[in-house]
1. Which one is most open to solvent (accessible area, probe 1.4 Å) among residues in segment 125-150 that are without any contact (Cβ under 8 Å) to a residue 40 or more places away in the chain and under 17 Å from Arg102 (Cα atoms)?
2. Take Leu69 and decide whether it is closer than 30 Å to Leu120 by Cα and open to solvent by 30 Å² or more (accessible area, probe 1.4 Å).
3. Could you pull out the residue among Phe115, Phe108, Phe57 that is more than 26 Å from Val11 (Cβ to Cβ), open to solvent by 60 Å² or more (accessible area, probe 1.4 Å) and touching a residue at least 24 places away in the same chain (Cβ under 8 Å)?
4. Can you tell me which residues in segment 26-41 are over 19 Å from the mean Cα position of the chain (by Cα) and open to solvent by less than 30 Å² (accessible area, probe 1.4 Å)?
5. Checking Val44 against (1) among the β-branched types (Val, Ile, Thr); (2) touching a Phe, Trp or Tyr at 6+ places or on another chain (Cβ under 8 Å); (3) over 24 Å from Thr91 (Cα atoms), which single condition isn't satisfied?
6. Might you check whether a residue that is surrounded by 18 or more Cβ atoms within 10 Å (Cβ to Cβ) and among the hydroxyl-bearing types (Ser, Thr, Tyr) occurs anywhere in segment 85-96?
Amino acid sequence: FVRRVCGPQAVFIVNPLMASLSLFAVFLICRAWFSEGWGLVGAVLLACNPFLNEHAFYGYSHIAVIFFLVWGLFFLTRWTATRSVLWAFATGLFMGVIPSIRYPEVMFTGAVTLFAVMNLKRDRQSMIAFAAFVVGVAVPVIALVNYNHQAFGSFWTTGYSLIGYAPSTLFKWDALKI
């Protein structure tokens, strides 16, 4: 999208821009949970993180995951504070994008979904907001599986599986044994 609209050189600004906007989201989250001072501390600590800085200037997908995760958490913060359908949908949309960037990070989406279920109240507004969250998650996931079907012939086939590398092979229950 950025390449088509702004030209080929514009793609080099996407990761630094997402990293910068992620700092702002961290500030907003910490401000909502604690105070403005702690929001500034959180943003500064993340800005000093060498991992973030290295990845901000390379074409890795980690920055995109961080961007959608922290903004999804900010939207979740707003959703839990206001019970708004719009914030719930935005939370779901941003959390649903994460596994379309990196499949193993679906764990983030699962954790937020579990949180949403555990905090679900039995009133109409909460149920509608939760439904909006589910629809938000479904939009990018459906787009991803449709793309997989169009590009690779089936919903569950990915580019990774075609080259013999599947992120799921790296995450096995045996690896969690202590």
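The values are calculated or read from the model by the stated rules, or taken from the named source; none is laboratory data. Every value quoted in this text rests on a predicted model; they were computed, and no experiment measured them. Virtual Cβ from ideal backbone geometry, glycine too; neighbours counted across all protein chains shown. Accessible surface is based on the protein model in full, side chains and every heavy atom, while ligands, DNA and RNA are left aside. Shrake-Rupley method; radii C 1.70, N 1.55, O 1.52, S 1.80 Å.
1. Tyr147
2. yes
3. Answer to the check: Phe115.
4. Gly39
5. In the conditions (1) among the β-branched types (Val, Ile, Thr); (2) touching a Phe, Trp or Tyr at 6+ places or on another chain (Cβ under 8 Å); (3) over 24 Å from Thr91 (Cα atoms), Val44 misses (2) alone.
6. Within segment 85-96, one or more residues are surrounded by 18 or more Cβ atoms within 10 Å (Cβ to Cβ) and among the hydroxyl-bearing types (Ser, Thr, Tyr).
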